[in-house]
Amino acid sequence: MATYEKTKQELLIEMREKREQRRQAKLKLRRRRCIAAAAAFSVLTSIVTGTVYNAYAKEITITEINEFEGKNESRKVRTRGASVEEVLEEHGLDVGTEDRLNVSTLKPVSNNEDIVIKRGKRVKIKTGDREEVVTVTKADITDALVEAGYIPGEYDVVSSNGDTLISGDTIELVSISHTEETITEAIPRGVEYVDDADMPVGSEYIVDEGWDGIKKLEHKVTYQDGQEAAREIIGETVELEAKNKIIARGTAVPTPVPKKKKAVSNVSDNAGTVNGYRYKKKIVMTATAYSTAPSENGGYTVSAMGNPLGYGIVAVDPNVIPLGSKVYVTSPDGSWSYGVASAEDTGGAIRGNKIDLCYDTNASAFGRKSCVVYVLE
(Lines give C-alpha, C1' and ligand atoms only; values in the text may rest on other atoms or scores of the structure.)
Protein backbone atom coordinates (compact mmCIF):
# COMPACT_ATOMS: atom_id res chain seq x y z
CA MET A 1 0.00 0.00 0.00
CA ALA A 2 2.79 2.33 0.85
CA THR A 3 4.44 1.62 -2.49
CA TYR A 4 1.26 2.38 -4.36
CA GLU A 5 0.85 5.76 -2.61
CA LYS A 6 4.41 6.69 -3.46
CA THR A 7 3.94 5.92 -7.05
CA LYS A 8 0.78 7.95 -7.21
CA GLN A 9 2.55 10.91 -5.63
CA GLU A 10 5.33 10.74 -8.15
CA LEU A 11 2.89 10.62 -11.01
CA LEU A 12 1.18 13.74 -9.74
CA ILE A 13 4.49 15.59 -9.52
CA GLU A 14 5.46 14.50 -13.00
CA MET A 15 2.13 15.66 -14.38
CA ARG A 16 2.51 19.07 -12.73
CA GLU A 17 6.04 19.47 -14.18
CA LYS A 18 4.82 18.64 -17.67
CA ARG A 19 1.94 21.10 -17.36
CA GLU A 20 4.47 23.81 -16.25
CA GLN A 21 6.73 23.01 -19.16
CA ARG A 22 3.84 23.30 -21.56
CA ARG A 23 2.85 26.67 -19.99
CA GLN A 24 6.40 28.01 -20.26
CA ALA A 25 6.57 26.91 -23.87
CA LYS A 26 3.36 28.77 -24.61
CA LEU A 27 4.73 31.92 -22.88
CA LYS A 28 7.91 31.76 -24.93
CA LEU A 29 5.89 31.38 -28.10
CA ARG A 30 3.70 34.29 -27.15
CA ARG A 31 6.79 36.48 -26.44
CA ARG A 32 8.35 35.60 -29.77
CA ARG A 33 5.12 36.50 -31.54
CA CYS A 34 4.97 39.90 -29.73
CA ILE A 35 8.56 40.68 -30.61
CA ALA A 36 7.97 39.75 -34.21
CA ALA A 37 4.81 41.83 -34.31
CA ALA A 38 6.63 44.81 -32.78
CA ALA A 39 9.46 44.52 -35.27
CA ALA A 40 7.00 44.27 -38.12
CA PHE A 41 5.16 47.32 -36.84
CA SER A 42 8.37 49.30 -36.57
CA VAL A 43 9.33 48.45 -40.12
CA LEU A 44 5.85 49.28 -41.32
CA THR A 45 5.91 52.59 -39.44
CA SER A 46 9.25 53.52 -41.02
CA ILE A 47 7.97 52.65 -44.45
CA VAL A 48 4.80 54.59 -43.95
CA THR A 49 6.64 57.59 -42.46
CA GLY A 50 9.18 57.68 -45.33
CA THR A 51 6.41 57.35 -47.84
CA VAL A 52 4.50 60.20 -46.23
CA TYR A 53 7.68 62.41 -46.06
CA ASN A 54 8.55 61.71 -49.64
CA ALA A 55 4.99 62.33 -50.65
CA TYR A 56 5.15 65.87 -49.20
CA ALA A 57 8.87 66.74 -49.88
CA LYS A 58 9.84 68.91 -52.90
CA GLU A 59 12.78 68.32 -55.19
CA ILE A 60 14.76 71.49 -55.98
CA THR A 61 18.06 72.37 -57.64
CA ILE A 62 20.58 74.61 -55.87
CA THR A 63 23.35 76.15 -57.98
CA GLU A 64 26.26 78.07 -56.47
CA ILE A 65 28.39 80.25 -58.78
CA ASN A 66 31.58 81.99 -57.67
CA GLU A 67 33.54 83.33 -60.64
CA PHE A 68 36.22 84.74 -58.34
CA GLU A 69 37.04 81.20 -57.14
CA GLY A 70 36.20 79.40 -60.38
CA LYS A 71 33.27 77.58 -58.80
CA ASN A 72 30.04 76.54 -60.55
CA GLU A 73 28.24 73.65 -58.82
CA SER A 74 24.65 72.35 -58.95
CA ARG A 75 22.95 69.72 -56.77
CA LYS A 76 19.44 68.35 -56.37
CA VAL A 77 17.96 68.10 -52.87
CA ARG A 78 14.64 67.21 -51.28
CA THR A 79 13.11 69.52 -48.75
CA ARG A 80 9.93 70.24 -46.87
CA GLY A 81 11.01 73.89 -46.30
CA ALA A 82 8.26 76.35 -47.05
CA SER A 83 10.40 79.27 -48.29
CA VAL A 84 13.71 79.83 -50.02
CA GLU A 85 15.16 81.10 -46.75
CA GLU A 86 14.17 77.86 -44.93
CA VAL A 87 15.69 75.73 -47.68
CA LEU A 88 19.00 77.62 -47.53
CA GLU A 89 19.10 77.28 -43.75
CA GLU A 90 18.18 73.56 -43.98
CA HIS A 91 21.18 72.94 -46.24
CA GLY A 92 23.62 75.24 -44.44
CA LEU A 93 23.96 77.87 -47.19
CA ASP A 94 24.66 81.48 -46.15
CA VAL A 95 23.89 84.39 -48.51
CA GLY A 96 25.86 87.59 -47.70
CA THR A 97 25.05 91.18 -48.57
CA GLU A 98 27.45 90.99 -51.53
CA ASP A 99 25.85 87.81 -52.93
CA ARG A 100 22.96 87.62 -55.37
CA LEU A 101 19.93 85.28 -55.40
CA ASN A 102 17.77 84.74 -58.43
CA VAL A 103 14.66 84.64 -56.22
CA SER A 104 13.55 86.38 -53.03
CA THR A 105 14.30 84.59 -49.74
CA LEU A 106 10.62 85.04 -48.82
CA LYS A 107 9.38 83.27 -51.94
CA PRO A 108 7.47 80.01 -51.28
CA VAL A 109 9.32 76.99 -52.64
CA SER A 110 7.63 74.87 -55.28
CA ASN A 111 8.60 71.50 -56.69
CA ASN A 112 11.44 71.61 -59.25
CA GLU A 113 12.45 75.05 -58.04
CA ASP A 114 15.83 76.41 -59.23
CA ILE A 115 17.74 78.45 -56.67
CA VAL A 116 20.88 80.16 -57.98
CA ILE A 117 23.40 81.81 -55.66
CA LYS A 118 26.00 84.10 -57.27
CA ARG A 119 28.82 85.09 -54.96
CA GLY A 120 29.66 88.79 -55.22
CA LYS A 121 32.51 91.20 -54.56
CA ARG A 122 32.70 94.93 -53.84
CA VAL A 123 34.78 96.95 -56.31
CA LYS A 124 35.49 100.62 -56.98
CA ILE A 125 34.63 102.13 -60.39
CA LYS A 126 36.33 105.38 -61.48
CA THR A 127 34.86 107.48 -64.31
CA GLY A 128 36.19 110.97 -64.97
CA ASP A 129 36.15 112.78 -61.63
CA ARG A 130 33.66 110.36 -60.04
CA GLU A 131 34.13 107.21 -57.96
CA GLU A 132 31.50 104.64 -56.99
CA VAL A 133 31.68 101.44 -54.94
CA VAL A 134 29.44 98.69 -56.32
CA THR A 135 28.86 94.97 -55.88
CA VAL A 136 29.45 92.69 -58.88
CA THR A 137 29.41 88.95 -59.48
CA LYS A 138 31.46 88.97 -62.70
CA ALA A 139 35.21 88.40 -62.61
CA ASP A 140 35.72 89.75 -66.14
CA ILE A 141 36.38 93.51 -66.00
CA THR A 142 34.11 94.51 -68.90
CA ASP A 143 31.32 92.15 -67.79
CA ALA A 144 31.53 93.64 -64.30
CA LEU A 145 31.18 97.17 -65.73
CA VAL A 146 28.09 96.19 -67.70
CA GLU A 147 26.62 94.47 -64.64
CA ALA A 148 27.13 97.71 -62.68
CA GLY A 149 25.33 99.70 -65.39
CA TYR A 150 28.37 101.14 -67.19
CA ILE A 151 28.33 100.41 -70.91
CA PRO A 152 31.78 101.07 -72.46
CA GLY A 153 31.71 102.82 -75.84
CA GLU A 154 33.54 101.71 -78.95
CA TYR A 155 36.63 103.82 -78.20
CA ASP A 156 36.48 103.84 -74.39
CA VAL A 157 39.52 102.66 -72.45
CA VAL A 158 38.95 100.16 -69.62
CA SER A 159 41.71 99.35 -67.12
CA SER A 160 42.05 97.77 -63.70
CA ASN A 161 44.62 97.20 -61.01
CA GLY A 162 44.45 93.51 -61.91
CA ASP A 163 44.07 91.48 -65.09
CA THR A 164 40.67 90.36 -63.80
CA LEU A 165 38.68 91.16 -60.68
CA ILE A 166 40.01 87.95 -59.17
CA SER A 167 43.22 89.86 -58.44
CA GLY A 168 41.94 93.44 -58.58
CA ASP A 169 39.33 95.61 -56.93
CA THR A 170 39.38 98.86 -58.96
CA ILE A 171 38.11 99.53 -62.49
CA GLU A 172 38.81 102.78 -64.38
CA LEU A 173 36.66 103.71 -67.37
CA VAL A 174 37.93 106.54 -69.59
CA SER A 175 35.30 107.78 -72.04
CA ILE A 176 36.77 108.46 -75.50
CA SER A 177 34.75 110.03 -78.31
CA HIS A 178 35.52 111.59 -81.68
CA THR A 179 33.78 114.26 -83.71
CA GLU A 180 34.52 116.28 -86.82
CA GLU A 181 34.43 120.08 -86.90
CA THR A 182 34.78 122.52 -89.79
CA ILE A 183 36.13 125.98 -89.00
CA THR A 184 36.90 128.98 -91.18
CA GLU A 185 40.26 130.71 -90.94
CA ALA A 186 41.75 133.78 -92.59
CA ILE A 187 44.78 133.51 -94.85
CA PRO A 188 46.80 136.62 -93.93
CA ARG A 189 47.63 138.85 -96.86
CA GLY A 190 51.26 139.57 -97.59
CA VAL A 191 52.87 143.00 -98.05
CA GLU A 192 54.67 144.19 -101.17
CA TYR A 193 56.67 147.43 -101.33
CA VAL A 194 57.29 149.57 -104.43
CA ASP A 195 59.57 152.59 -104.67
CA ASP A 196 58.23 156.12 -105.38
CA ALA A 197 60.87 158.69 -106.35
CA ASP A 198 58.39 161.54 -105.87
CA MET A 199 58.01 160.83 -102.12
CA PRO A 200 60.62 161.67 -99.44
CA VAL A 201 62.59 158.84 -97.88
CA GLY A 202 60.69 157.41 -94.92
CA SER A 203 57.23 158.28 -96.29
CA GLU A 204 54.79 155.63 -97.44
CA TYR A 205 51.33 155.39 -98.89
CA ILE A 206 49.04 152.49 -99.67
CA VAL A 207 48.65 151.71 -103.35
CA ASP A 208 46.35 148.70 -102.86
CA GLU A 209 44.92 147.41 -99.57
CA GLY A 210 44.61 143.86 -100.92
CA TRP A 211 42.63 141.37 -98.83
CA ASP A 212 42.93 138.33 -96.61
CA GLY A 213 42.11 134.95 -98.05
CA ILE A 214 39.64 132.42 -96.58
CA LYS A 215 40.14 128.71 -95.98
CA LYS A 216 38.08 125.98 -94.35
CA LEU A 217 39.76 123.41 -92.13
CA GLU A 218 38.24 120.05 -91.23
CA HIS A 219 39.33 118.83 -87.80
CA LYS A 220 39.03 115.44 -86.14
CA VAL A 221 38.57 116.23 -82.46
CA THR A 222 39.15 113.65 -79.71
CA TYR A 223 37.42 114.09 -76.36
CA GLN A 224 38.48 112.32 -73.16
CA ASP A 225 35.88 112.29 -70.38
CA GLY A 226 34.14 115.19 -72.12
CA GLN A 227 37.26 117.36 -72.41
CA GLU A 228 39.07 118.02 -75.68
CA ALA A 229 42.28 116.00 -75.68
CA ALA A 230 43.54 116.19 -79.28
CA ARG A 231 42.78 117.90 -82.57
CA GLU A 232 43.95 116.78 -86.01
CA ILE A 233 43.52 118.51 -89.39
CA ILE A 234 42.09 116.02 -91.87
CA GLY A 235 41.16 118.38 -94.71
CA GLU A 236 41.76 121.93 -96.00
CA THR A 237 39.92 123.91 -98.68
CA VAL A 238 40.93 127.40 -99.90
CA GLU A 239 37.79 129.37 -100.73
CA LEU A 240 39.43 132.75 -101.43
CA GLU A 241 43.04 133.39 -102.31
CA ALA A 242 44.76 136.22 -100.43
CA LYS A 243 45.87 139.35 -102.32
CA ASN A 244 48.97 141.16 -101.11
CA LYS A 245 48.84 144.70 -99.76
CA ILE A 246 50.97 147.07 -101.89
CA ILE A 247 52.74 150.02 -100.23
CA ALA A 248 54.74 152.70 -101.99
CA ARG A 249 57.86 153.94 -100.22
CA GLY A 250 59.47 157.30 -100.89
CA THR A 251 63.05 157.36 -102.15
CA ALA A 252 63.57 161.14 -102.58
CA VAL A 253 66.13 162.55 -100.15
CA PRO A 254 64.84 165.81 -98.52
CA THR A 255 66.97 168.93 -98.58
CA PRO A 256 69.14 169.05 -95.43
CA VAL A 257 68.33 171.67 -92.83
CA PRO A 258 70.99 174.40 -92.96
CA LYS A 259 73.11 174.56 -89.85
CA LYS A 260 73.48 178.36 -89.93
CA LYS A 261 71.07 181.10 -90.68
CA LYS A 262 71.48 182.56 -94.07
CA ALA A 263 69.43 184.53 -96.47
CA VAL A 264 67.34 182.71 -98.99
CA SER A 265 69.43 182.69 -102.08
CA ASN A 266 67.74 179.94 -104.00
CA VAL A 267 64.34 181.55 -104.27
CA SER A 268 63.59 183.48 -107.41
CA ASP A 269 60.17 185.07 -107.41
CA ASN A 270 60.74 186.31 -110.92
CA ALA A 271 61.84 182.95 -112.26
CA GLY A 272 59.21 181.05 -110.22
CA THR A 273 61.65 178.42 -108.88
CA VAL A 274 62.72 177.37 -105.42
CA ASN A 275 65.68 175.07 -104.90
CA GLY A 276 65.30 173.88 -108.46
CA TYR A 277 61.52 173.24 -108.26
CA ARG A 278 59.10 175.31 -110.29
CA TYR A 279 56.23 176.74 -108.26
CA LYS A 280 53.02 178.44 -109.17
CA LYS A 281 52.19 180.13 -105.88
CA LYS A 282 54.04 181.37 -102.79
CA ILE A 283 52.27 181.75 -99.44
CA VAL A 284 53.60 182.97 -96.08
CA MET A 285 52.14 180.69 -93.42
CA THR A 286 52.45 179.63 -89.78
CA ALA A 287 53.89 176.13 -89.34
CA THR A 288 53.31 173.64 -86.54
CA ALA A 289 54.24 169.95 -86.34
CA TYR A 290 52.56 166.64 -85.46
CA SER A 291 53.80 163.06 -85.19
CA THR A 292 52.57 159.74 -86.53
CA ALA A 293 51.36 158.64 -83.06
CA PRO A 294 47.64 157.63 -83.19
CA SER A 295 47.11 159.39 -79.85
CA GLU A 296 47.84 162.71 -81.59
CA ASN A 297 45.67 161.96 -84.59
CA GLY A 298 42.36 160.85 -83.15
CA GLY A 299 43.45 157.23 -83.36
CA TYR A 300 44.30 157.40 -87.06
CA THR A 301 47.55 156.21 -88.60
CA VAL A 302 46.77 157.32 -92.15
CA SER A 303 46.22 160.71 -93.76
CA ALA A 304 42.92 162.11 -94.99
CA MET A 305 43.82 160.65 -98.37
CA GLY A 306 44.39 157.16 -96.86
CA ASN A 307 48.17 156.99 -96.93
CA PRO A 308 50.31 156.09 -93.89
CA LEU A 309 51.41 159.11 -91.89
CA GLY A 310 55.10 159.95 -92.00
CA TYR A 311 57.69 162.54 -92.91
CA GLY A 312 56.75 164.29 -96.18
CA ILE A 313 53.01 164.60 -95.46
CA VAL A 314 51.55 167.95 -94.38
CA ALA A 315 48.11 169.03 -93.25
CA VAL A 316 46.56 172.11 -94.90
CA ASP A 317 43.30 173.98 -95.30
CA PRO A 318 41.95 172.59 -98.61
CA ASN A 319 40.44 176.03 -99.29
CA VAL A 320 43.95 177.49 -99.35
CA ILE A 321 46.00 174.60 -100.75
CA PRO A 322 44.09 171.82 -102.60
CA LEU A 323 44.64 168.30 -101.27
CA GLY A 324 47.07 166.34 -103.38
CA SER A 325 49.26 169.35 -104.10
CA LYS A 326 53.03 169.10 -103.94
CA VAL A 327 54.60 171.86 -101.84
CA TYR A 328 58.00 173.03 -100.77
CA VAL A 329 58.24 174.33 -97.19
CA THR A 330 61.10 176.45 -95.84
CA SER A 331 61.73 179.26 -93.38
CA PRO A 332 61.72 182.87 -94.62
CA ASP A 333 65.37 183.29 -93.66
CA GLY A 334 66.54 179.88 -94.78
CA SER A 335 67.40 178.74 -91.23
CA TRP A 336 65.45 175.53 -91.68
CA SER A 337 63.69 173.69 -94.49
CA TYR A 338 61.15 170.88 -94.51
CA GLY A 339 61.59 170.28 -98.21
CA VAL A 340 59.17 168.76 -100.70
CA ALA A 341 55.96 167.46 -99.18
CA SER A 342 52.53 166.19 -100.17
CA ALA A 343 49.50 168.17 -98.98
CA GLU A 344 47.13 165.30 -98.22
CA ASP A 345 46.02 165.70 -94.60
CA THR A 346 43.72 168.06 -92.73
CA GLY A 347 43.15 169.07 -89.12
CA GLY A 348 40.52 170.77 -87.03
CA ALA A 349 42.89 173.59 -86.09
CA ILE A 350 44.39 173.98 -89.55
CA ARG A 351 42.44 176.87 -91.04
CA GLY A 352 43.61 179.62 -93.37
CA ASN A 353 47.34 180.19 -93.76
CA LYS A 354 48.37 177.41 -91.41
CA ILE A 355 50.30 174.25 -92.20
CA ASP A 356 51.03 171.21 -89.98
CA LEU A 357 54.22 169.30 -90.77
CA CYS A 358 54.33 165.55 -90.07
CA TYR A 359 57.44 164.12 -88.37
CA ASP A 360 58.13 160.51 -87.40
CA THR A 361 59.43 161.57 -83.96
CA ASN A 362 60.13 164.66 -81.78
CA ALA A 363 57.30 166.73 -83.31
CA SER A 364 56.58 168.41 -79.98
CA ALA A 365 59.96 170.18 -80.09
CA PHE A 366 59.08 172.07 -83.28
CA GLY A 367 56.77 174.62 -81.69
CA ARG A 368 55.22 177.34 -83.91
CA LYS A 369 57.24 178.97 -86.67
CA SER A 370 56.79 181.26 -89.65
CA CYS A 371 57.42 179.68 -93.05
CA VAL A 372 57.06 180.14 -96.75
CA VAL A 373 55.07 177.50 -98.64
CA TYR A 374 55.63 177.15 -102.37
CA VAL A 375 52.88 175.31 -104.22
CA LEU A 376 54.78 173.42 -106.90
CA GLU A 377 53.65 172.93 -110.44
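The values are calculated or read from the model by the stated rules, or taken from the named source; none is laboratory data. Because the structure is predicted, anything quoted here is derived from the model rather than measured. Here Cβ is always computed from backbone atoms with ideal geometry, including for glycine, and neighbour counts include all displayed protein chains. In case anyone asks, the SASA skips ligands and DNA or RNA and just uses the protein heavy atoms, side chains included. Shrake-Rupley method; radii C 1.70, N 1.55, O 1.52, S 1.80 Å.
A compact table of results
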{"read-out": "Heavy atoms of Lys220 accessible to a 1.4 Å probe, total area in Å² rounded to 10", "value": "80 Å²"}
{"read-out": "Inter-centroid distance (Cα atoms) of the stretch 87-156 relative to the stretch 166-186, Å", "value": "28 Å"}
{"read-out": "Gain in span if fully extended, Gln227 to Asp333, counting 0.36 nm per residue against the direct Cα distance", "value": "30.7 nm"}
{"read-out": "Carbon + sulfur, % of accessible area of the stretch 328-377 - ligands and nucleic acids excluded, 1.4 Å", "value": "47 percent"}
{"read-out": "Theoretical FRET efficiency, 1/(1+(r/R0)^6), r = Cβ-Cβ of Asp208 and Tyr155, R0 56 Å, to 0.05", "value": "0.65"}
{"read-out": "Two-site label geometry, Leu93 and Glu377: point separation in nm, points 7 Å out along Cα→Cβ", "value": "12.2 nm"}
{"read-out": "FRET efficiency for Ser110 and Asp163, using Cβ-Cβ distance with R0 set to 45 Å, rounded to 0.05", "value": "0.60"}
{"read-out": "For the stretch 192-253, diffusion coefficient by Stokes-Einstein and Kirkwood Rh (Cα), 25 °C, 0.890 mPa s, µm²/s", "value": "162 µm²/s"}
{"read-out": "Cut-off under 5 Å, modelled amide H: who pairs with Leu309 long-range", "value": "Val302, Ser303"}
{"read-out": "Backbone N within the stretch 186-222 under 14 Å of label point (7 Å from Thr301 Cα along the Cβ vector)", "value": "191, 204-206"}
{"read-out": "Interchain or long-range residues, amide H under 5 Å from Gly202's placed H", "value": "Gly250"}
{"read-out": "Per-residue HN-Hα couplings for the stretch 305-310 [Karplus 6.51, -1.76, 1.60; θ = phi - 60°; Hz; x = Gly/Pro]", "value": "8, x, 9, x, 5, x"}
